[in-house]
Amino acid sequence: MPSPSARLAELGLVLPPVVAPVASYVPARRSGSFVYVSGQLPMVDGVLPHTGKVGADVSPEDATELARACALNGLAAIDALVGLDTVTGIVKLVGFVASAPDFTGQPAVVNGASNLLVDVFGEAGAHARSAVGVAALPLDAPVEVELIVEVGG
């Protein structure tokens, strides 16, 4: 399989600039052979394209694309810290979905992030996962994704 960077290019994707933290933390931190990526919001060019609750203000389809953007932002944070091509596997993804009270489609929304990781890393992109519905997220974001990845070297 091609390198993750080559796969991104094949998919027509470009890593965005690392999203600046909105509070007191770093975008990603390495500990041994793992990189822990802070929760990533679906910022595009420094702006949230949608805000509000999924199932009320934001459609599940739009939220799925936002989850994909979160994952891409996470990959940018990894790339800036250790280089994307050092990743040997995606260990875990946690997706948070700001949900209307009756919305129960969180797993399908978080698939936007999960599917991107498999597209980029192939079998090494298969991961453990949680998809959690929450009342609110920072900046009224509809989705947030955090990652744990294993790296070589």
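The values are calculated or read from the model by the stated rules, or taken from the named source; none is laboratory data. Remember, predicted model here, so these are calculated numbers, not experimental data. Note that we place each Cβ from the backbone using ideal geometry, even for glycine, and neighbour counts take in every protein chain shown. In case anyone asks, the SASA skips ligands and DNA or RNA and just uses the protein heavy atoms, side chains included. Shrake-Rupley method; radii C 1.70, N 1.55, O 1.52, S 1.80 Å.
The length gained by stretching the chain between Glu123 and Ala136 to full extension, at 0.36 nm per residue less their Cα-Cα distance, is 1.4 nm. A crude spin-label estimate for the pair Ser3 and Lys92, with each label 7 Å from Cα along the Cβ direction, gives 2.9 nm. Using a probe radius of 1.4 angstrom, the carbon and sulfur fraction of the accessible surface of the chain is 55%.
Out of the DSSP beta bridges found with both residues in the chain, what percent are antiparallel (nearest 5)?
Here the share of antiparallel DSSP bridges comes out near 70 percent.
What residue among Ala77, Ala69, Ala108 has the largest mean-square fluctuation in a Gaussian network model of the chain, using Cα springs under 10 Å? With Cα springs under 10 Å in the chain, the top fluctuation among Ala77, Ala69, Ala108 is at Ala108. The alpha carbon centroids of segment 112-153 and segment 57-95 are separated by 5 Å. Taking the chain as a Gaussian network, Cα atoms linked when under 10 Å apart, which of Gly52, Gly95, Gly12 shows the biggest mean-square fluctuation? Greatest mean-square fluctuation among the candidates belongs to Gly12.
Amide H to amide H distances under 5 Å link Gly89 with Glu150, where only residues 5 or more positions off or on other chains count and H is placed in the peptide plane.
Per residue, the accessible area of the chain comes to 46 Å², computed with a 1.4 Å probe over protein heavy atoms only. Remark: spin-label model distance Ala100-Leu13 equals 2.8 nm, labels positioned 7 Å along the Cα→Cβ axis. Net charge of the neighbourhood of Asn73, taken over other residues with C-beta under 12 Å away and scored Lys/Arg +1, Asp/Glu -1, is -3.
Just checking the listed ones, Val110, Val47, Val18: in the Gaussian network model of the chain with Cα springs under 10 Å, the one fluctuating most is Val47.
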